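Just so it is clear, none of the values below were taken in a lab; they were calculated from the coordinates. Quick caveat: nothing in here was measured; it's all calculated off a predicted structure. With ideal geometry, Cβ positions are generated from the backbone for all residues, glycine too; neighbour counts draw on all protein chains shown.
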Amino acid sequence: MTEVKKQRTLAEPFKIKMVEPLKITTEAYRIKVLEKAGYNPFLLSSDDVFIDLLTDSGTGAMSDKQWAGIMSGDESYAGARSWEHLEAVVKELTGMPYILPTHQGRAAERILYGILGGPGKIFISNTHFDTTRANIEFTGATAIDILPDNAYDPEIDLPFKGNIDTDKLLGLIKQYGKENIAAVIMTVTNNSSGGQPVSMANVKAARKICDEHQIMMVIDGCRIAENSYFVKHREAGYQDKTYEEIAKEMLGLGDAFVMSAKKDGLVNMGGLLTLKDATLAQKCTNLLIISEGFATYGGLAGRDMEAMAIGLKEVFDADYLHYRIKSTGYLGEHLKAKGIPVVWPIGGHAVYIDAKKLYPNIPVEEYPGQALVCDLYIKGGIRCVEIGSVMFGKYDEQGKLIPAKNELVRLAIPRRVYTQSHIDYVLDIFDDILEMRSQHHGYKITYEPPFLRHFTAKFEKMIPLAVPAN
Ligand SMILES: *Cc1c(COP(=O)(O)O)cnc(C)c1O
């Protein structure tokens, strides 16, 4: 029997109680301000952005219950009620006895990897997120990513494309010696590989290998709820479990859990580090107190912890998660149907576009991804980020660009912020983009800092833009 699938409107499982007006601008205005920003949307004022898809980090909307929690947050220095609330929620979620609050994910990383790392140490992950890698390398340790080879193919359809390659893991343990492996880090969902999920079977397999070699396993679970959605709907044996049960099972497999609560914590600022081992927890707590704050608030206000405690429950709501994953999928699937080359399948928090394929005539030396980022802003006031040679390109000795592996553009979706019609608006703007496919020129860099150049680099258009008269 074939099932006829009808496209149904995806109605948001919430209604709007407070609004934040958006400024409607003209194309001529946007060309002017983008030029002033050196064609780098990071340097735009957010007031000039209509749909902001730069990141899903800390950009979500809080619920009425979270705002109510903000008002009743306890700002006591030690033993605050809001801390006790957060600690209880996180203990229940992770099953771990030691809970440390931090101001964001990278603070938890700096503390944990500062203790576990150091010269000669090796960390192995499905994919280290940028701040994870930076915090590891800063200690003098090495970070190695091991996705299965086929997961690098942007078009291959795999249900769990974020998985770690367990054969490569065994190989690396043999090569470096188990005593030199500081930890295996499972990033769920796998942010840097497109928000792709990781299966429970894969985390269990990694756990088994860690047990056999007495290696610590850390779960970088910023998007643990989104990952649980994919497990329930794609992995045999999980259909009848709740999202929270699936998350608990996965987190229970780790020795430590690091979280940027700016993602699935549904808050604008916050992070967590949770541990099973008492000695390690003691060391981490000592560092926390030196750099973040006392052990019962980390770098957070009482109201922040209250909102986080509530957010960590709300994020597992079945209607919310369905809307969240379907809404991201809707954007990706409709872009694909229009003929826009997207990384497939669509992950949990973002859609990635292959700009080299979309703009085949723009040479990589003229940054096709940056061209798409600028075109989306000019045509629609949409802000997004290049993940290609602007972000990862290097130069050889002659100063010639060594391009990145791919020229991608990421559209990251903030949580509970935009409605279905905003997403439809973004799809409409891509009709204008399709008309620009034959363009031959992109941008050149006129200024770049020595590190992380995508944040502050400035560009010039190879062919000046014609400003319309509107
Ligand atoms: C965002 C993120 C981090 C870092 O968290 P911040 O809150 O931005 O410091 C670490 N790991 C992953 C997978 C992330 O997505």
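Straight Cα distances below 13 angstrom link Lys338 to the aspartates and glutamates Asp424, Asp428, Asp431, Asp432, Glu435, with same-chain residues fewer than 8 positions distant left out.
Quote to one decimal, in nm, the extra length available between Asp64 and Tyr29 on full extension: 0.36 nm per residue of separation minus the C-alpha distance between them. Let's see the in-between values first.
Working: separation 35, 0.36 × 35 = 12.60 nm, distance 3.56 nm.
Separation in residues times 0.36 nm, less the Cα-Cα distance, equals 9.0 nm.
Would you mind getting me the FRET efficiency between Ile290 and Val417? Use the beta-carbon distance for r and R0 = 30 Å, nearest 0.05. The partial results should precede the final answer.
On the way: r = 36 Å, r/R0 = 1.19.
After rounding to 0.05, the efficiency reads 0.25.
Towards the positive end of the charge dipole of the chain, with charges on Cβ (+1 Lys, Arg; -1 Asp, Glu), say which of Leu408, Pro159, Val231 has the farthest Cα. Checked the options; the winner is Leu408. Here, the range 193-284 has an Rg and a Dmax of 13.8, 40 Å when only alpha carbons are counted.
If a paramagnetic tag sat 7 Å from the Cα of Thr166 along the Cα-Cβ line, which residues of the range 200-225 would have the backbone N under 17 Å from that point? Correct set: 200-218.
Against the empirical 2.2 N^0.38 Å (N residues), the range 115-252 has a Cα radius of gyration ratio of 1.02. Here the Karplus curve 6.51 cos²θ - 1.76 cosθ + 1.60, taken at θ = phi - 60°, turns the phi angles of the range 394-408 into couplings of 10, 10, 8, 5, 7, x, 8, 5, 9, x, 6, 4, 9, 10, 9 Hz, with x standing for Gly and Pro.
The tail of the calculated P(r) for the range 372-470 beyond 21 Å holds 44 percent of all Cα-Cα pairs.
For the range 64-314, what is the convex hull (Cα atoms) projected area averaged across all directions, in square nanometres?
Numbers: hull surface 52.0 nm².
Mean orientational projected area (the range 64-314, Cα hull): 13.0 nm².
Between Gln214 and His322, what FRET efficiency follows from the Cβ-Cβ distance if R0 is 41 Å, with the result rounded to 0.05? So, using R0 = 41 Å, E works out to roughly 0.55. Using the Karplus relation 6.51 cos²θ - 1.76 cosθ + 1.60 with θ = phi - 60°, the per-residue 3J(HN,Hα) values for the range 147-163 come to 8, x, 3, 6, 6, 7, 6, x, 10, 5, 9, 10, x, 10, 6, x, 4 Hz, with x marking Gly and Pro. Computed on the range 321-443, the Cα convex hull volume stands at 97 Å³ per residue.
Across the chain, counting alpha-carbon atoms alone, Rg and Dmax equal 22.4, 69 Å.
For the chain, what is the percent of antiparallel DSSP beta bridges, rounded to the nearest 5? Intermediate results must be reported in sequence, preceding the final value.
Values: 26 of 43 bridges.
In the chain, DSSP labels about 60 percent of beta bridges as antiparallel.
With only Lys, Arg, Asp and Glu charged, each at its Cβ (+1 for the first two, -1 for the last two), find how big the charge dipole of the range 64-314 is about the Cα centre; round to the nearest 20 debye.
Values: 25 positive and 33 negative charges, 72 e Å.
Computed charge dipole of the range 64-314: roughly 340 debye.
Taking only the Cα atoms of the range 211-355, the ratio Rg/Rh comes out at 1.04, with Rh defined as the Kirkwood radius. For Asp220, the residues whose amide H sits under 5 Å from its own are Met186, Thr187, Val188, Val258, ignoring neighbours fewer than 5 places away on the same chain, with H placed 1.01 Å from N. Our estimate of slack between Asp130 and Ala78, defined as 0.36 nm per intervening residue step minus the Cα-Cα distance, is 15.4 nm.
Remark: for residue pairs Lys248/Lys283; Lys121/Lys444; Lys161/Lys283, the C-alpha separation exceeds 29 Å in Lys121/Lys444; Lys161/Lys283.
At 222 nm, what helix-only mean residue ellipticity would the chain give, in deg cm²/dmol to the nearest 500, using -39500 (n - 2.57) for each DSSP H run of four or more? Before the final figure, lay out the partial values.
Details: 17 runs with 188 residues, N = 470.
My calculation for the chain gives -12000 deg cm²/dmol from helical runs alone.
Extension gain for Lys15 to Phe451 (0.36 nm times residue separation, less C-alpha to C-alpha distance): 152.7 nm. Per residue, the convex hull spanned by the alpha carbons of the range 241-284 comes to 68 Å³.
Report the equivalent ellipsoid semi-axes for the range 1-142 in whole Å, largest first, defined as the square roots of five times the eigenvalues of the gyration tensor built from alpha carbon atoms.
Over the Cα atoms of the range 1-142, the ellipsoid semi-axes are 35, 28, 22 Å.
With the simple spin-label model, which puts each label point 7 Å out from Cα in the Cβ direction, the Ser45 to Lys313 separation comes to 4.1 nm.
What does the convex hull of the Cα atoms of the range 60-183 come to per residue, in Å³, rounded to a whole number? Intermediate values should be presented prior to the final figure.
On the way: hull volume 21.7 nm³, N = 124.
That works out to 175 Å³ per residue.
With each label modelled as a point 7 angstrom along the Cα→C-beta vector, the Tyr425-Leu22 pair spans 0.3 nm. Considering the range 50-118, its Cα convex hull presents a mean projected area of 7.5 nm².
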